[in-house]
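In what follows, a single structure is set out as structure tokens and then discussed.
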Amino acid sequence: MKIERPRGTRDFLPEEMERRREVERRMREIAESFGYREIATPTFEHLELFTLKSGEGIVDEMYVFADKSGRKLALRPELTAPVMRMFVNECSVMPRPLRFYYFANCFRYERPQKGRYREFWQFGVELIGSDSYLADAEVINLAYRILDSLGIKFELQIGHVGILRSILSSLGTERASKVMRLIDKGDKEGLLGYMDEIRVEQDLREKVLSIIDMKGDEGVIEEAKKLISFDFTHLENLSRILRELGVEFELNLGIARGLDYYTGVVFECYAEGLGAQKQVCGGGSYELSSLFGGPKTPSTGFAIGFDRVCEVCDAKVKKRTTVAVISFKGLESHAFRIADRIRERGLRVVVDVMERSVKKQMSFASEISADYAVIIGPEEIEKGVVTVKDMTTQEQRAMKEEEAITTFLSRMRG
Ligand code: HAM
């Protein structure tokens, strides 16, 4: 019986995994160079970790199940809530601010399409304990540096959910959240319909519609100031420092973000070449600690959609030099031992495990694109040498083991 993989999931073959690991390596390197350290949280959590802030509505978008004791659990749809739970439970005495990063799979019950999966990976960071614009600047700068270093062409847009939230505050939390969600989806018709339904006053309606269209350089702050009374200092300071750092961005006061916990600056990056699912990074500042029983702790972070980034980035995997050790029947243990010695020097070595003839071992070496074959026969053993065949030039010559290794290593460096 042939069994298909579940909808919205993927298998990754070696070549793709090597590329993914290379992208991951670069992301880690940059995050670590900013002082972020890796953490990990469980793949599943108590359901309420995710419903506390977002309400029961979010259950439809998650993988939710009961364990054998009837506990309600959910596969994590993201990591910000788990990280803040961990922070409250484990990190109360650590010096602030805390800089954490993670690379992990997430699960969302969504309609699969190109770039949108039910199991996907996020590379994210959380900077915990600062409400300064400098914290937002660092996090945005970090996201920008990571995407930029991967050769991605992308647009960065920055907004502030505090602006929309403050004008929506008269609607109450639930209605305001629904409005924010419709704005996030870009569903203007739905937004108009819902505002009609809950009888939003004309004045407020117009303000919402103007704010969500405010997009451009710092001039939009001046425009917004004319419309609402709000303290724009944080956003102004952030814009100034990011310009000074050479981070290219556009302000977009209509960014609402899909998750409910954001309180201040929010940002999104959109990459070229991905079609509808072009958002490769999303983040912003939020407060979740007090909801999970900890002290109020302003935080900021982002998550990069790893799978989407892998689709468009230019990361290339450096091919590793591969050596195939080929032996005559009865000399297998010699093959295994010499293979171990070559491996110790950092090379990739494969030996025959199929009890094949020398000829078949040789054609396998060529099929897997080995760079060199090392042949061990009775004559070689007797003379204390190995025969090395360069699989590219087809040249073949007997040499001492050490010389062979030096030859392989020089190819690796070249
Ligand atoms: P998010 O915008 O929901 O934010 O997800 C972050 C990124 O994950 C998105 O920009 C997108 O690239 C990727 N992503 C989301 N859903 C899918 C999917 N179904 N398939 C493939 N990629 C997907 C968060 O999750 C927040 N926790 C980010 C954050 C961290 N905010 C503060 N700290």
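The values are calculated or read from the model by the stated rules, or taken from the named source; none is laboratory data. Please read all numbers here as calculations on a predicted model, not as lab measurements. Here Cβ is always computed from backbone atoms with ideal geometry, including for glycine, and neighbour counts include all displayed protein chains. Accessible surface areas use protein heavy atoms only, side chains included; no ligands, DNA or RNA. Shrake-Rupley method; radii C 1.70, N 1.55, O 1.52, S 1.80 Å.
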Computed helical MRE - 222 nm, the chain, DSSP H runs ≥ 4 contributing -39500 (n - 2.57), nearest 500: -12500 deg cm²/dmol
Extension gain (nm, one decimal) between residue 90 and residue 245, 0.36 nm per residue minus Cα-Cα: 52.4 nm
Loop-located trypsin sites (Lys or Arg not before Pro) in region 76-109 whose Cβ has at most 15 other Cβ within 10 Å (DSSP): none
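I need the shape label for region 294-414. Rule: rounded when a/c is under 1.5, else prolate if a/b > b/c, else oblate, with a, b, c from the alpha carbon gyration tensor.
Since a/c reaches 1.5 and a/b is larger than b/c, the shape of region 294-414 is classed as prolate.
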Unit charges on C-beta of K, R, D, E only; dipole of region 14-312, Debye: 600
Listed residue pairs exceeding 18 Å between alpha carbons, taken from 114/278; 114/318; 207/278; 114/319; 53/296; 185/296: 114/318; 207/278; 114/319; 185/296
The chain: C-alpha pair distances exceeding 32 Å, %: 50
Residues residue 52 and residue 329, FRET efficiency given R0 of 60 Å [Cβ-Cβ distance, rounded to 0.05]: 0.35
Sequence of 98, 192 when ordered by accessible area, the most exposed leading, probe 1.4 angstrom: 192, 98
Efficiency of FRET between residue 204 and residue 43 - r from beta-carbon atoms, R0 45 angstrom, step 0.05: 0.60
Mean-position separation - Cα centroids, region 9-86 and region 182-215, in angstrom: 32
Antiparallel bridges, percent of DSSP beta bridges restricted to the chain (to nearest 5): 80
Other-chain or far-sequence residues with amide H under 5 Å of residue 345's (modelled H): none
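Mind checking the full-extension length gain between residue 236 and residue 296? Use 0.36 nm per residue of separation minus the Cα-Cα distance, one decimal, nm. Show your work: numbers first, answer last.
Values: separation 60, 0.36 × 60 = 21.60 nm, distance 2.45 nm.
Extra length available between residue 236 and residue 296 comes to 19.2 nm.
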Eligible lysines near residue 329 by straight Cα distance, threshold 25 Å, same-chain separation 8 or greater: 359, 360, 383, 389, 400
Cα-centred dipole magnitude for region 322-413, charges only on beta-carbon of K, R (+1) and D, E (-1), debye, nearest 20: 160
Fraction of accessible area attributable to carbon and sulfur, the chain (%, probe 1.4 Å): 50
